[in-house]
Amino acid sequence: MKYLKQFLLILSISFVGELGNRWIPLPVPASIYGMVILFVLLLSGVIKPDMVRETGKFLIAIMPVMFIPAGVGLMDSWAVLKPLLVPVSVITFVSTVTVFAATGRSAQWMIRRKKRAEEAEQ
Amino acid sequence: MNTILENSAYGGVAISLMAYMLGTVLKKKFRLAIFNPLLISILVTIAVLVAADVDYAVYERGAGYLSWLLTPATVCLAIPLYEQWELLKKNRAAVVCGILTGVITSLSTVLVLAWLLGLKHREYVTLLPKSITTAIGMGVSEELGGYVTITVAVIIITGVLGNMIGGVLCRLFQISEPAAKGLAFGASSHAIGTTRAMELGEVEGAMSSLAIAATGIATVVFASAFANLL
């Protein structure tokens, strides 16, 4: 019963997210609306973590395999990708590495700066 | 072989999951980025479908249920986010700084490389939303007049790449703060990178989840300005 209740709650929030996607004229998917809604409900205490935790953690744990169908779908995109293969590969690789490094380093720099400031205060 | 697969709702998914398990075993044994479970599963499944002459549409009839779970699973990313909220608030300056840096870096590297490689405007805007989550990226590409199918393919490839090499990049660029690692995964490779961040730890996972939503929305705002530059 616990899992059923948790799954029902998660699906209901997903449904409200779908309505948001349909009614609000922005390219924001149902999943992002749903994530924000669940977060706000948890933060405001309307939903207690116990009401979603086990099912939520299970869904997150198996989430990587949910991307397999989209990845396998690349077999159908091959024809459209082929003429652009070189520029697409270069751009994908370089920009993914650069974004990863820039985001990680800048965030780390801010975190460490704050840590140093806190240590200096003590 | 192909008639069995074509009439089965579970066969394709079972092969995909087996290949995924095989990937996790290989990864554990060899500790090489190339043995990425997601990559191995995708490649093995494609190989089996091609060898058995089964169309993607047939595979998708069964495997579509895995994709169906994506929306509720993404909604659940709010749970680790909520659990790490105090830490997140404490580091809000770093979060804002990391995410804005990520979004601007993504858009500007695509701009510079597209210009260097001589891409046309339509190809350029197709690639602009490559680092963000598929559903938002499709919307951005469509709005700017890009080729949406190519955008989707590039977003998936970016995600798998980030999932695969993120660990190596953390060592290479000496990113060791868990929060910074998480933001880097989410900003560079959206939800597919986040699943890898989730395996590294709670903080990494929460920060990466936050980065999916924040970079997605920031890209919607900035992409139209960047679209006019080439």
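The values are calculated or read from the model by the stated rules, or taken from the named source; none is laboratory data. Note that the structure is predicted; figures quoted are calculated from it, not measured. All Cβ positions, even for glycine, are placed from backbone atoms using ideal geometry, and neighbour counts span all protein chains on display. When the accessible area is computed, the model is the full protein with side chains, heavy atoms only, and any ligands, DNA or RNA have been set aside. Shrake-Rupley method; radii C 1.70, N 1.55, O 1.52, S 1.80 Å.
Descriptive notes on the structure:
- Condition met for residue B:153 (in a helix (DSSP H, G or I) and either open to solvent by 10 Å² or more (accessible area, probe 1.4 Å) or within 30 Å of residue A:116 (Cα to Cα) (or both)): no
- Hey, residue B:35 in contact with a Lys or Arg (Cβ under 6 Å, 6 or more places away or on another chain) and either on the phi > 0 side of the Ramachandran plot or open to solvent by 40 Å² or more (accessible area, probe 1.4 Å) (or both) or not: yes
- Of all residues in region B:49-68, those satisfying the criterion of being hydrophobic (A, V, I, L, M, F, W, C) and either modelled with pLDDT of 95 or more or exposed (fewer than 15 other Cβ atoms within 10 Å of the Cβ) (or both) are B:50, B:51, B:57, B:68.
- Residue tally, condition surrounded by 13 or more Cβ atoms within 10 Å (Cβ to Cβ) and more than 7 Å from every other protein chain (Cβ to nearest Cβ), over region A:37-49: 4
- Of all the criteria given as (1) open to solvent by 40 Å² or more (accessible area, probe 1.4 Å); (2) under 30 Å from residue A:47 (Cβ atoms); (3) modelled with pLDDT of 95 or more, the one not satisfied by residue B:98 is (1).
- Residue under evaluation residue B:169, criteria (1) over 19 Å from residue A:91 (Cα atoms); (2) out of contact with any Leu (no Cβ under 8 Å at 6 or more places or on another chain); (3) not charged (D, E, K, R), criterion not met: (1)
- Among residues of region B:186-203, those that are over 26 Å from residue A:91 (Cβ atoms) and charged (D, E, K, R), counted: 2
- Condition check for residue B:73: open to solvent by less than 50 Å² (accessible area, probe 1.4 Å) and in contact (Cβ under 8 Å) with a residue 24 or more places away in the chain: no
- Residues of region B:1-23 satisfying the condition of being closer than 27 Å to residue B:166 by Cα and either surrounded by fewer than 16 Cβ atoms within 10 Å (Cβ to Cβ) or away from chain A (no Cβ under 14 Å) (or both): B:18, B:21, B:22
- Of the residues making up region A:69-102, those that are within 15 Å of residue B:159 (Cβ to Cβ), open to solvent by less than 30 Å² (accessible area, probe 1.4 Å) and not aliphatic (A, V, I, L, M) are A:69, A:71, A:73, A:77, A:92, A:95, A:96, A:100.
- Among the residues of region A:50-68, those that are open to solvent by less than 30 Å² (accessible area, probe 1.4 Å) and either in contact with a Gly (Cβ under 9 Å, 6 or more places away or on another chain) or without any contact (Cβ under 8 Å) to a residue 24 or more places away in the chain (or both) comprise A:60, A:63, A:64, A:65, A:66, A:67, A:68.
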